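The values are calculated or read from the model by the stated rules, or taken from the named source; none is laboratory data. Just so it is clear, the model here is predicted, and its values are computed rather than measured. Positions of Cβ are generated from backbone atoms using ideal geometry, with glycine treated the same way; all protein chains shown enter the neighbour counts.
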Amino acid sequence: MAQAKVAKQLTITAPDKVGMLEELSNLITAQGVNIEAICAYGMEGKAVFYVITNNNAKVKQAISSKGWQLKETDVVIAGLENKPGALNKLAAMIKAKNINIKYCYGAACSCSCPCSFVICADNNDALLAAIK
């Protein structure tokens, strides 16, 4: 079905204020690191960023100097075909294996390249096995 792999995601919690996305992306860029996936939201005065990069070690060091909260978590990245029903097929496979999803996010481009879909489940090992 989908190509899938485990990745390390950084969860960064910082103050929720105007310009936080720019501040974080500038910090990551200054390290020469590429952002491969990102999801962000603000809640209760905090900005929360889920970030997957090509060099978490450099980002972790830079984040620690800012005093922001930082946690590293395993997630599964699935490469889905960019066509109608691809997510539905993946969701059905996950449901069939009785795997609970904690959260997910993804994006597609307007070309035929695969969509990157990031999933964190109660059991990422079972999730990976279910979709390979």
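Report, by residue number, each residue of segment 117-128 that is touching a residue at least 12 places away in the same chain (Cβ under 8 Å) and over 10 Å from Met93 (Cα atoms).
Listed by number, the residues that qualify are Phe117, Val118, Ile119, Cys120, Ala121, Asp122, Asn123, Asn124, Ala126, Leu128.
Filtering segment 17-28 down to residues that are touching a residue at least 12 places away in the same chain (Cβ under 8 Å) and loosely packed, with under 15 Cβ neighbours inside 10 Å, which residue is nearest to Val118 (Cα to Cα)?
Leu21
In segment 9-38, how many are more than 12 Å from Thr53 (Cα to Cα) and assigned to a strand (DSSP E or B)? Show your work before the answer.
Residues of segment 9-38 that are more than 12 Å from Thr53 (Cα to Cα), as a first pass: 12-24, 26-27, 30.
Remaining after also requiring assigned to a strand (DSSP E or B): 12-15.
Summing the residues that are more than 12 Å from Thr53 (Cα to Cα) and assigned to a strand (DSSP E or B) in segment 9-38 gives 4.
Does Tyr103 meet the test of being of a type in the set (Ser, Thr, Tyr) and more than 19 Å from Val6 (Cα to Cα)?
When the stated conditions are applied, Tyr103 does not pass them.
How many residues does segment 53-66 contain that are surrounded by 18 or more Cβ atoms within 10 Å (Cβ to Cβ) and more than 11 Å from Ile12 (Cα to Cα)?
Matching residues across segment 53-66 total 2.
Per-residue answers, yes or no, for (1) part of a loop (DSSP other than H, G, I, E, B); (2) within 30 Å of Lys17 (Cβ to Cβ); (3) in the same structural domain as Ile35 (by TED's automatic domain parsing); (4) modelled with pLDDT under 95:
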| site | (1), (2), (3), (4) |
| --- | --- |
| Ser65 | no, yes, yes, yes |
| Gly79 | no, no, no, yes |
| Pro84 | yes, no, no, yes |
| Lys89 | no, no, no, yes |
| Ile99 | yes, no, no, no |
| Lys102 | no, yes, no, no |
| Ser116 | no, yes, no, yes |
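Restricting attention to segment 67-77, which residues are surrounded by 15 or more Cβ atoms within 10 Å (Cβ to Cβ) and either of a type in the set (Val, Ile, Thr) or assigned by TED's automatic domain parsing to the domain that holds Ile99 (or both)? Walk me through how you get there before you give the answer.
Of segment 67-77, the ones surrounded by 15 or more Cβ atoms within 10 Å (Cβ to Cβ) are 68, 70, 75-77.
Within segment 67-77, Val75, Val76, Ile77 meet the criteria.
Looking at (1) under 17 Å from the mean Cα position of the chain (by Cα); (2) surrounded by 17 or more Cβ atoms within 10 Å (Cβ to Cβ); (3) not hydroxyl-bearing (Ser, Thr, Tyr), find the lone condition where Asp125 falls short.
(2)
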